[in-house]
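**Q** Quick one: the structure is below, questions incoming.
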Amino acid sequence: MYILGHRGEILPHTQDSYENSLNAIRKGVKFSDGIECDVCKTQDGELIVIHEARCAYDSVEYCLAENLDKASAAQVGERTLSEISSKEAMTLRLKNGEPIPFLDDVLDVFSHQPNKLLNIELKGIGVALDVLKAVHRCIGAGLMTIDQFLISSFDHHAVYEVKKADHLGIKLGLLFLREDQPTQTIMHPWVGQEISSAIYPNFSIENLNSDIAQKVDPDVIIIPEPTLVGDNVHLIHEYFPNAKIATWIFSEIQNDQSSHIETKIVDLKGKGVLEAVIIDDPEKTTKKLRALGA
């Protein structure tokens, strides 16, 4: 079972690193088994690593500027990445003062580290095939191996694009929201539906059994920790008998229910069910989970 740093690491009370920054990614790689990161695209098609939007229950909020320092946030204003060139993106700074990394920068961190896993989440519009090309180049150059990659998304159609174009057999993951969240939340509301009609799927029989999910036939189903309960594990294996499960843990939940969550993770790991656990504080939580036998 892999323990992965969520966006490298997410530590809200530190100036040392910031989520999806290279420093956070290096720390995630150092203290855990790899990281998860979000990939979007600039106006001129370059792949950039940042969390540009968030799902807030039944709506999506564009939050690029919130990740930036004051000067960069003022420079960006209300523009989206589709209105920002890669040249300008290079001048922007995250809240901790670091530049926004590009996907190639992240791949450089992972090069020649054979035991580390990189989970690339397809976050932006139209990134699927460009991400696949970058991954193929990296593998072809001998910098990483096929087994070191997991490409995933809430946009199941984007993952299917990867599946159709991939000839190497890279692991694919489908992401789902909690079962109590609305199922028709539009992923990219700042563009017209003729550009992107993707929605955030919640965890449900309907979405597990959807035509697109069945076409992907994923290697990994990725769900939030509260959804990781016995009945749902059985449901996943009913529709995807060969799939493993990954889960991400919300820091605020982990802080309140730490022992319960850790017991659950160790138990499911022992049953061979879990592929990965995605955590916000890799330095602290990896040690704790490993000490408990995860």
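**Q** Give me Rg/Rg_expected for segment 94-232, where Rg uses Cα atoms only and Rg_expected = 2.2 N^0.38 Å with N residues. Kindly include the intermediate steps, with their values, before the conclusion.
**A** On the way: Rg = 16.1 Å, N = 139, 2.2 N^0.38 = 14.3 Å.
Cα Rg divided by the expected 2.2 N^0.38 Å: 1.12.
**Q** With label points built 7 Å along Cα→Cβ from the Cα atoms of residue 69 and residue 57, find their separation and express it in nm.
**A** Label-label distance for residue 69 and residue 57, simple model: 3.6 nm.
**Q** How long is the gain from residue 292 to residue 205 if the chain were fully straight, where each residue apart is worth 0.36 nm and the alpha carbon distance is subtracted?
**A** 28.0 nm
**Q** Could I ask something else about it? So the label point goes 7 Å from the Cα of residue 186 along Cα→C-beta, right? Which residues of segment 41-76 then have their backbone N under 11 Å from it?
**A** Hits in segment 41-76 for residue 186 at 11 Å: 60.
**Q** For the ranges 148-159, 272-283, 51-62, what's the packing order if you count other beta-carbon atoms within 10 Å of each residue, average per peptide, and put the highest first? The partial results should precede the final answer.
**A** Numbers: 148-159: 23.9, 272-283: 22.2, 51-62: 14.7.
Ranking the peptides 148-159, 272-283, 51-62 by packing returns 148-159, 272-283, 51-62.
**Q** Based on DSSP H runs of at least 4 residues, each adding -39500 (n - 2.57), what is the mean residue ellipticity at 222 nm of the chain after dividing by all its residues, to the nearest 500 deg cm²/dmol?
**A** Values: 12 runs with 101 residues, N = 294.
Taken over the chain, the calculation gives -9500 deg cm²/dmol.
**Q** Can you compute the modelled spin-label distance between residue 164 and residue 83, with each label point 7 Å from Cα toward Cβ, in nm?
**A** 3.1
**Q** I've got another one for you. Name the lysines eligible as straight-distance cross-link partners of residue 70: C-alpha to C-alpha under 21 Å, and not fewer than 8 places from it in the same chain.
**A** Here the lysines satisfying the reach criterion relative to residue 70 are 87, 95.
**Q** Let me ask something else. Where both partners of a DSSP beta bridge lie in the chain, what percent of those bridges are antiparallel, to the nearest 5? Kindly include the intermediate steps, with their values, before the conclusion.
**A** Working: 12 of 45 bridges.
Of all bridge pairs located within the chain, approximately 25 percent are antiparallel.
**Q** Could you tell me the calculated FRET efficiency between residue 266 and residue 217, based on Cβ-Cβ distance and R0 = 30 angstrom, to the nearest 0.05?
**A** Numbers: r = 29 Å, r/R0 = 0.95.
Approximately 0.55, to the nearest 0.05.
**Q** A further question follows. Order the peptides 24-31, 203-210, 164-171 from the highest to the lowest mean number of other Cβ atoms within 10 Å of their residues. It would help to have the intermediate numbers written out before the result.
**A** Details: 24-31: 22.5, 203-210: 16.0, 164-171: 13.4.
Packing proxy ranking, top to bottom: 24-31, 203-210, 164-171.
**Q** If you take every residue apart from residue 95 with its C-beta less than 12 Å away from the C-beta of residue 95, what net charge results, scoring Lys and Arg +1 and Asp and Glu -1?
**A** Details: positive: 70, 93; negative: 16, 19, 66, 69, 98.
Computed value for this residue: -3.
Readers should treat all values here as calculations from the given coordinates under stated rules, not as data from a laboratory. Values in this document were obtained by computation on a predicted structure and should not be read as measured data. For neighbour counting, all protein chains shown are included, and Cβ atoms are generated from backbone atoms with ideal geometry for every residue, glycine included.
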